[in-house]
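Contents: one structure, followed by commentary.
The values are calculated or read from the model by the stated rules, or taken from the named source; none is laboratory data. Not measured: the values here are computed from a predicted model. Neighbour counts are summed over all protein chains in view; Cβ atoms, including those assigned to glycine, are modelled from backbone coordinates with ideal geometry.
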Amino acid sequence: MDSAAKASKDAMNRVSDLPQGSGGETQQRDGSGVMTTDHGVPISDNQNTLKAGPRGPALLEDFVLREKIFHFDHERIPERIVHARGSGAHGTFTVTRAIPELTRAALFQEEGNSCETFTRFSTVAGSKGSKDTPRDVRGFATKFYTQEGNWDLVANNFAPFFIQDAMKFPDLVHAVKPEADRMFPQAASAHDTFWDFVGLMPETLHTVMWLMSDRALPRSFRMMEGFGVHTFRMVNADGDVSFVKFHWKPRLGMQSLLWDEAVKVSGADPDFNRRDLWEAIDRGEFPEYDLGIQVFDSEFADSQFYDVLDATKLIPEEDVPVQIIGTLQLNRNPDNFFAETEQVAFMPQNVPPGIDFTDDPLLQGRLFSYLDTQKSRLGTANFFQIPINAPRCPFANMQRDGMMQTLIHKGRSNYEPNSLDRAGEDPGPRPSDQGFQTIRRMDQREDANQKLRVRADKFADHFSHARLFYVSQTEVEQDHIAAAFTFELSKVDLPHVRINVLAQLRNIDEALAQRVAKGLDLDLPERAPAASETVEMQPSDALSILKNALETLKGRKIGVLVDDDSDQDEIDTLTSAIEAEGGTAALIAPRRGLRDGQLDGTPSVLVDAIALVLTEAAAEKLCKHKPAIDFVSDAFAHCKAIGHSDGAKPLLEKAGVSTDEGVVSLSDLPEAAKQRYFSREQKIWAAQS
Ligand code: HDD
């Protein structure tokens, strides 16, 4: 190595010599256990203010108190403008199929390559302290710490997005957030301003269909898909370019809550999804997701009636199958929520060489917004030095100084080019041929070089994909969509807004519009004019959760209701059978004692199925206890499997449970609990259909 190259490498090592990740190196440095001020002065009393006499006034001199209160006063930072409520986890990504033919990204050159990751799941509309289970999109953002810098795949659990152009993002967010004058409703789209925007902006409707579907109510972050949404590009070492769309597929399959369940969960456990993720990782049941790509070329793109640069559209998996290229495992809970989950800064602009953007106008706007917002949230252009954001590979450039600078750049080389090496000084880093190279634009169209504020013609169709989503669902899922529209619009006060949305719905599905109109007690209005003809697309099974349901106990929790006189052998046999299938059994009792939960505070909405291990005497007693009756009747209404001892029958009867294939003996429960029994909905939720 020549001396300039060595000097440059040394410089890179120096500036990358940050505390890496959050493996403990960034803990307070004193290992002696002595409490000190922020400046290291040992503290002798952490209870009492320095006063003039035992009952006297506090003294300004008390630097221990002043520093403590000063720091406390500044503990909070602005919450994210969207996706404020989130939960994070560290993980590992491993390549299961090398794709050098598609990308030169070092990570994907060999099967078995791996890198550390940090993933943050989030809801979008609610504040940081809102609940986990609103009807909302979920964010699914992953930072891959690759050997060529950070790659941030900032995804959602919906394949399309609400709008086509970043110009509309502030309007969309203003419309869905609590209304400006009254600051409610919190974490809810069921209000005037959101639906006003929807009725006037039909491009939102495809994603609104997803929002009204069960996709908006994931049972667990471990049981939802993720989508990169935009079309990205990959480029290989020879410069060949392909279009790609990114997908996350959960190994546990998809599962959602029912709306009534989600509403009750938000009261019983507002941290339902956050707790589920934390506890699963804590138990060593590491959530796993496969990373898939849809790959296509410009010939395919040009031959579609929709534009692949339009983020409100998806490419059906039946048209371009998803190829799995890697697996993400979430295997470590954060050590500190603020330092990691709150301070992590995702930016779609973070891509390694070999992955590139497209001209999608929504994506282009995002490339600005995320960098910009981090300065506002984290207060300094040096936010990349925070351990959770810092690359795990060497990094070096001529950016210098700024607030909260933690790197100590040595020498004089803060500009490039320089010839300081000729004087034996460290010249610092230099650009490399192997660095990121933007793919040349390939648009041959006549108007490609004109500056225009327009939408491309192919962006005009707003209903074909919305209809595709609806017709691809099972009947049960369509019922849920109709009920969701009815609920949401019933909360809209302005009559013309309800009518506008109904008029748009007629462009998606006439029967759906009729059902919603009936639920709202409105006549169907004229169909809204459509800017383009709707294309009848082939239904896509991949869009339905229920058509892809995985019958498994893995990741599922069974609530086992017991009392003091329950048969311990019966309890043990059942819990072992549940655990043998990968499920979890939570023992719930009227008195908590040694059990996992106390009945009144552990309603059945918090579990996936229930078992009643009760003697007849205990069941009779519980027939007079409302939480016990609700425990059973809610489980039945939410289509959950119910296993029971013979003695439990009086409680079943009291709760209005009628026999069906989901009401079984205790020994049959582990099998029965692998699914839900939606046929009950027709009987129990009559007004819905
Ligand atoms: Fe965004 C956060 C996902 C469009 C502007 N976005 C944010 C997060 C996710 C997404 C998962 C949370 C990241 C975290 O956990 O810290 N956003 C998306 C997806 C979009 C999308 C999948 C469409 C395909 N976003 C979008 C647009 C804009 C933004 C069009 C602005 C023009 N998003 C932001 C933001 C946020 C953000 C304001 C808030 C906090 C942050 O970035 O770090 O910049």
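If the condition is being in contact with a helix residue (DSSP H, G or I) (Cβ under 8 Å, 6 or more places away or on another chain) and either surrounded by 19 or more Cβ atoms within 10 Å (Cβ to Cβ) or hydroxyl-bearing (Ser, Thr, Tyr) (or both), then region 310-319 contributes ASP310, ALA311, THR312, LYS313, LEU314, PRO316.
In this structure, PHE436 does satisfy being outside the structural domain of GLN364 (by TED's automatic domain parsing) and either touching a strand residue (DSSP E or B) at 6+ places or on another chain (Cβ under 9 Å) or under 30 Å from ASP238 (Cβ atoms) (or both).
Of all residues in region 322-350, those that are closer than 12 Å to THR119 by Cα and of a type in the set (D, E, K, R) have Cβ atoms under 8 Å from Cβ atoms of residues that are more than 14 Å from the ligand (Cβ to nearest atom) and at pLDDT below 95, 6 or more apart or on another chain, in GLU340/SER22.
Where residues in region 89-118 are of a type in the set (Val, Ile, Thr) and out of contact with any Phe, Trp or Tyr (no Cβ under 7 Å at 6 or more places or on another chain), which of them is farthest from the ligand (Cβ to nearest atom)? Applying the filter and picking the extreme gives THR96. Picking from residues in region 361-383 that are over 22 Å from the mean Cα position of the chain (by Cα) and buried (at least 18 other Cβ atoms within 10 Å of the Cβ), the one that is nearest to ILE408 (Cα to Cα) is ASN382. Residue check: is PHE161 part of a strand (DSSP E or B), surrounded by 22 or more Cβ atoms within 10 Å (Cβ to Cβ), of a type in the set (A, V, I, L, M, F, W, C) and within 16 Å of the ligand (Cβ to nearest atom)? No; evaluated as a whole, the condition is false for this residue. Filtered by the rule that a residue be without any contact (Cβ under 8 Å) to a residue 60 or more places away in the chain and among the β-branched types (Val, Ile, Thr), region 535-561 gives a lone residue, VAL560. Considering only region 312-322, I want to know if a residue exists there that is in contact with an Asp or Glu (Cβ under 8 Å, 6 or more places away or on another chain), on the phi < 0 side of the Ramachandran plot and within 13 Å of the ligand (Cβ to nearest atom). Checking region 312-322: at least one residue is in contact with an Asp or Glu (Cβ under 8 Å, 6 or more places away or on another chain), on the phi < 0 side of the Ramachandran plot and within 13 Å of the ligand (Cβ to nearest atom).
The set of residues in region 67-95 that are over 17 Å from the mean Cα position of the chain (by Cα) and at positive phi is empty.
The residue that is nearest to ASP132 (Cα to Cα), counting only those in region 201-242 that are of a type in the set (Ser, Thr, Tyr) and within 16 Å of the ligand (Cβ to nearest atom), is THR207. Of the residues making up region 164-175, those that are more than 10 Å from the ligand (Cβ to nearest atom) and either among the aromatic types (Phe, Trp, Tyr) or out of contact with any helix residue (DSSP H, G or I) (no Cβ under 8 Å at 6 or more places or on another chain) (or both) number 0.
Against the list (1) at pLDDT below 95; (2) within 13 Å of the ligand (Cβ to nearest atom), the condition GLY86 fails is (1). If you check GLU661, GLU681 for being surrounded by fewer than 21 Cβ atoms within 10 Å (Cβ to Cβ) and either on the phi < 0 side of the Ramachandran plot or not in a strand (DSSP E or B) (or both), only one passes: GLU661. The single residue among ARG332, ARG392, ARG366 that is within 16 Å of the ligand (Cβ to nearest atom), within 21 Å of ALA141 (Cβ to Cβ) and either among the basic types (Lys, Arg) or not assigned by TED's automatic domain parsing to the domain that holds ASP240 (or both) turns out to be ARG366.
Here is a check on your reading of the model: is ILE99 surrounded by 21 or more Cβ atoms within 10 Å (Cβ to Cβ), of a type in the set (Val, Ile, Thr) and in a loop (DSSP other than H, G, I, E, B)? Here the answer is yes, as ILE99 does meet what is asked.
For the structure I just gave you, tell me whether SER266 is more than 16 Å from the ligand (Cβ to nearest atom), closer than 20 Å to PRO353 by Cα and either surrounded by fewer than 24 Cβ atoms within 10 Å (Cβ to Cβ) or of a type in the set (A, V, I, L, M, F, W, C) (or both). Here the answer is no, as SER266 does not meet what is asked. Show the residue pairs that are 6+ apart or on different chains and have beta-carbon atoms under 6 Å apart, the first residue being within region 142-165 and over 22 Å from ASP307 (Cβ atoms) and at pLDDT 95 or above, the second being among the basic types (Lys, Arg) and near the ligand (Cβ under 9 Å from one of its atoms). Close Cβ pairs satisfying both conditions: ASN157/ARG138. Restricting region 335-358 to residues that are among the acidic types (Asp, Glu) and surrounded by 15 or more Cβ atoms within 10 Å (Cβ to Cβ), the residue that is farthest from the ligand (Cβ to nearest atom) is ASP356.
In region 396-424, the residue that is farthest from ALA381 (Cα to Cα) out of those that are touching a helix residue (DSSP H, G or I) at 6+ places or on another chain (Cβ under 8 Å) and surrounded by 15 or more Cβ atoms within 10 Å (Cβ to Cβ) is ASP421. For region 243-252, filtered to residues that are closer than 24 Å to LYS131 by Cβ and in contact with a helix residue (DSSP H, G or I) (Cβ under 8 Å, 6 or more places away or on another chain), the residue that is surrounded by the fewest Cβ atoms within 10 Å (Cβ to Cβ) is LEU252. Filtering region 172-196 to residues that are in a helix (DSSP H, G or I), crowded, with 22+ Cβ neighbours inside 10 Å and not aliphatic (A, V, I, L, M) leaves PHE194, TRP195. Of the residues making up region 568-602, those that are over 30 Å from the mean Cα position of the chain (by Cα), at pLDDT 95 or above and either assigned to a loop (DSSP other than H, G, I, E, B) or among the hydroxyl-bearing types (Ser, Thr, Tyr) (or both) are THR573, THR575, SER576. Among the candidates SER122, SER130, the residue that is within 13 Å of the ligand (Cβ to nearest atom) and either over 23 Å from PRO178 (Cβ atoms) or at pLDDT 95 or above (or both) is uniquely SER122.
Quick check on my filter: what residues within region 176-200 are more than 18 Å from THR486 (Cα to Cα) and within 14 Å of the ligand (Cβ to nearest atom)? Of everything in region 176-200, just one residue is more than 18 Å from THR486 (Cα to Cα) and within 14 Å of the ligand (Cβ to nearest atom), namely LYS177. Selection of region 628-658 for residues being crowded, with 17+ Cβ neighbours inside 10 Å and out of contact with any strand residue (DSSP E or B) (no Cβ under 8 Å at 6 or more places or on another chain) yields ASP630, SER633, ASP634, ALA637, HIS638, CYS639, GLY647, PRO650, LYS654, ALA655.
Scoring GLU148 on the criteria (1) more than 13 Å from the ligand (Cβ to nearest atom); (2) closer than 20 Å to ARG222 by Cα leaves a single failure, condition (2). Search region 237-265 for residues that are over 30 Å from ARG104 (Cα atoms) and pair each with any residue that is of a type in the set (Lys, Arg) when their beta-carbon atoms are under 6 Å apart and the residues are at least 6 apart or on different chains. If the second residue must be of a type in the set (Lys, Arg), the pairs left are LEU252/ARG222; LEU252/LYS554; GLN255/ARG219; SER256/ARG219; LEU257/ARG219. GLN450 fulfils the conditions (1) assigned by TED's automatic domain parsing to the domain that holds THR231; (2) more than 16 Å from the ligand (Cβ to nearest atom) except for a single criterion, (1).
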